[in-house]
């Protein structure tokens, strides 16, 4: 990645130097110039100029200022360091701008270029991410009897933004809808004087504490949950693939739809609504012919929820199954 960054920066540098030197002719001084390559260069703006990495000695001040003003390209990003060797700097300049005066190199063999700016304390950025995450998770689980705790993983070093009078920290709220993960990556935007500067990511650890149902033994579906080997236990509920079935949830209206292993927490993915009519169950069958209502008993051949159609067999087992509409618990209505 650094190699690619060098290439991009070099191309911009050469283009800028060529553009700046077209039509310009600096007079060769009688005495050689001395160019001191700095070991470190900190630039404030978005561009790097020759004067940021080289100190010129000799010649007249106006010529020196003109040479030092050469635009070398975009500055490295905040937190990045660009390493430039002196032979490369000299070769690039001679190839790009042969009109430049000859000089004697002094100083460092390598210059490291970095971007300076205003420091934004990590504790402020992490605090914003922590507050936003806790607010979002608490709002998501507002109707549940759980306790939410969040802790941001905060680095020791601050983040840099362009120098300005006012810095804003804007944490993006985590997406709503999904059950909270144990660790959430929160993007935090940093703005300087109303201008977007950069986005950093803060990892926030999440705890969702509450009582849920846990299997005391393996449970196979389909099965009603009332009477199943389940216990309640206080757990950290964050990080589950789906929402847990809390201890406050009535089990009478639920049944198991997929296997639940011993020690496993019961979640929404394991359960479904208990059908109003169960296969093999005796049901009351109602039918209507004009003003006459009839009622009989039958055996349900399928599970069914209210509004669904199921097959039933009347008391005479030799008869063909009939299609009936589930109207309530153990109740169906014959369909014409």
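All of the numbers you see were taken from the coordinates with simple rules; none came from a lab. As the structure is a computational prediction, the values presented were derived from the model and not from experiment. Positions of Cβ are generated from backbone atoms using ideal geometry, with glycine treated the same way; all protein chains shown enter the neighbour counts.
Observations on the structure shown:
- FRET efficiency, 1/(1 + (r/R0)^6) with R0 56 Å, evaluated for residue 131 and residue 65 via beta carbons: 0.70
- Full-extension gain in nm, residue 301 to residue 248, via 0.36 nm per residue minus C-alpha separation: 15.8 nm
- Shape of segment 161-283, Cα gyration tensor, a/c cut at 1.5: prolate
- From helices alone, the chain scores -6000 deg cm²/dmol at 222 nm; the rule is -39500 (n - 2.57) for each run of n ≥ 4 DSSP H residues, then divide by the residue total.
- Residue separation of residue 258 and residue 143 scaled by 0.36 nm, minus their Cα-Cα distance, works out to 38.8 nm of gained length.
- Read-out Kirkwood radius over Cα pairs in Å, derived from the coordinates shown; its label in [x] 27.2; [y] 23.9; [z] 22.2: [x]
- Taking label positions 7 Å along the Cα-Cβ direction at both residue 314 and residue 173, the computed distance is 5.9 nm, reported to one decimal.
- Rounded to the nearest 10 degrees, the inclination of helix 2-21 to the longest alpha-carbon principal axis of the chain is 40 degrees.
- Inter-label distance for residue 34 and residue 83, nm, one decimal - labels placed 7 Å from Cα along Cα-to-Cβ: 2.8 nm
- Degrees separating the helix 122-140 axis from the principal Cα axis of the chain, which is the longest one: 20 degrees
- When both segment 89-131 and segment 35-67 are represented by their alpha-carbon centers, they are found 12 Å apart.
- Gyration tensor (alpha-carbon) shape descriptor, segment 281-334, a/c threshold 1.5: oblate
- Peptides 164-173, 237-246, ordered by how many other C-beta atoms sit within 10 Å of their residues on average, highest first, read 237-246, 164-173.
- The alpha carbon gyration tensor of segment 210-273 gives principal lengths a ≥ b ≥ c with a/c below 1.5, which makes the shape rounded.
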